[in-house]
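Read the structure below first, then the notes.
Bear in mind these aren't lab numbers, they're just calculated from the coordinates by the rules spelled out. The shown structure was predicted, so the numbers you read here are calculated from the model rather than taken from an experiment. Here the Cβ is made from the backbone with ideal geometry for all residues, glycine too, and neighbour counts use every protein chain on show.
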Amino acid sequence: MKRLVLVVVMLAVVGAFTPTDAVAKKREQARREVLSRSRGYYKDLFMDGGVALTSRTFLPAVPFLGLSLEYFISAKGDSLAEKNASRQAAVFCGNEDDSNGWLLYPDGSPRYRMIYVNGGSAIKHARSMGEAAAEHIQKYVANGGSYLGTCAGAFIASKGGMDHKGKVHYGDKYWHLWQGFAHRTRLTKSSTAMQVERKSPLLRYFDFGGDYKIDSVRHNGGCYAYDGGAEGLVAGTEPLTRYVFKNNGKVKIDGKISSWAYKPSAESGRVVLCGSHPEAVGQGERLEYMSAMMLYAMDGNAKPTVKGDLQVGEVREMDKRTEDNDPAYTRIGDRQYHHFVVDVPRKCKKMTIKLDGYKGENNFDLTLCAKYGELAFHDNTLIKDVSRGCKKQLVVEKPRAGRWYVSVFCETTVNASVGRFGTYYRTNRRVLNGVPYKVVVEY
């Protein structure tokens, strides 16, 4: 009898605790997997606090998740209006030191994993950014970079803002990253609860107390995803949370989609939009909410691509500039990987891979890596040359027959500091226009 009671108690304990522990470990693993995919980006996150947006310099979710951050802010003072606009254009559209803008590498690939756009005035910010900046951001998302916007950041990423009468405003200035309308809530200086969808991907990362509800999320003139009309919700849109707000007056948002995600293709990044303001909270479920949206956005980064095949004995020259519009042969950016493949025949006695720079532009540090069967990175192969300079050589004796992957990595990067307009680059700015190199494989 005692043995039977003990078995029952043990089963009860296992039933009570093991599933919970297993789910918690699964969520922790999901977070780690997303955070581990930072290879090949200059940094994790760029924050836009530019003209007419909140000039935020700190995002609690960044240290909470252990991310790297750079940002642009609009400095205070009427006399700085022209400087704000000029500096903002240089960051997003480029200048003589950087023809691509900060968001993009010379070949058009995303330089950061994600851009976060603050609250404020979407209309004023869109106008201040102009068409050139909008095109850079659209290209950034289309080429695999992810986007998170809260309140104004959600409005500006849509086709337009819609009022309670169904009228669309200023859609021609918005960025159209999500092909739907952000409907105004008519709620200001307040807060709502958020109900997490039962199948929401945010639950991969946190359980939000186990009740699928997040209380007291700040709201000030935000939006929800419009799902009415003949077409309904834009195809491919994922509802993440819904508002919980009982009000018999003009604010009728209870059950409306308060945050949502959209990934138009496998090659693009993921767009995550939120009509409220969880971004400033440094603890509890609201911090987890913001962190979960960031994680899901970055989980939608496009996978690394291969530039092309290396033909035996044929030197591949990677010397094109951004303006040449030839990304397969464009220079490499700071902290970026370029990947290539080479097919090794049977009974190959020796494979030699050579890397070299160009005269006058070889005072940069490039790393050469090789690996059989999968993309080569610093941390997954021992076949690499990490010495200083551009000139490298790898020799593989009796290489395994089949597909090998070769990668070039740019170790040289800018030196960043923080000033009146947020992050600025002090030295090594030449690397922003890319480093040219040559690579060849010989048997």
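Once the Cα-Cα distance is subtracted from the 0.36 nm per residue extended length, the Gln283 to Lys349 segment shows a gain of 17.9 nm.
Considering only beta bridges that DSSP places wholly inside segment 37-299, some 55 percent are antiparallel. Taking the C-alpha atoms only, the angle from helix 2-35 to the longest principal axis of the chain is near 60 degrees. Ellipticity at 222 nm from helices only: DSSP H runs of n ≥ 4 in the chain, each -39500 (n - 2.57), divided by the residue count, give -7000 deg cm²/dmol. For the chain, the longest principal axis of the alpha carbon atoms and the long axis of helix 284-299 meet at an angle near 40°. Taking only alpha carbon atoms, segment 343-422 gives an Rg to Rh ratio of 1.13, where Rh is the Kirkwood radius. Per the Debye formula on identical point scatterers at the alpha carbon atoms of segment 37-299, with no solvent, log10 I(q)/I(0) at q = 0.11, 0.12, 0.16 Å⁻¹ is -0.55, -0.66, -1.22. Spin-label model, Glu411 to Phe64: label points 7 Å out along the Cα-to-beta-carbon direction sit 3.7 nm apart. Counting 0.36 nm for each residue step from Asn380 to Glu131 and taking away their Cα separation leaves a gain of 85.5 nm. Based on alpha-carbon atoms, the Kirkwood radius and the radius of gyration of the chain give Rg/Rh equal to 1.04. In this simple spin-label model, placing a label point 7 Å from the Cα along the Cα-to-Cβ direction at both Thr305 and Lys359 gives a separation of 3.4 nm. Note on segment 308-442: Rg/Rh from C-alpha atoms, Kirkwood Rh, equals 1.03. Rounded to the nearest 0.05, the FRET efficiency derived from the C-beta distance between Ser191 and Arg27 at R0 = 25 Å is 0.45.
Put simply, segment 112-249 fits an ellipsoid with semi-axes of 25, 19, 15 Å; these come from the alpha carbon gyration tensor as the roots of five times its eigenvalues, largest first. In plain terms, the chain from Lys124 to Val396 could stretch by 92.2 nm, reckoned as 0.36 nm per residue minus the Cα-Cα distance.
Across all C-alpha atoms in segment 121-169, the radius of gyration and Dmax reach 11.8, 36 Å. The DSSP beta bridges internal to the chain are antiparallel in roughly 75% of cases.
Within the straight-line cut-off of under 18 Å between alpha carbons, the aspartates and glutamates reachable from Lys124 are Asp48, Asp78, Glu82, Glu135, Asp163, Asp172, sequence neighbours fewer than 8 places apart in one chain being disregarded.
Which angle between 0 and 90 degrees, to the nearest 10, do you get for helix 122-142 versus the longest principal axis of the chain when only C-alpha atoms count? Taking the Cα atoms of the chain, the angle to 122-142 is about 40 degrees. If you take the Cα centroid of segment 87-108 and the Cα centroid of segment 348-402, the two points sit 29 Å apart.
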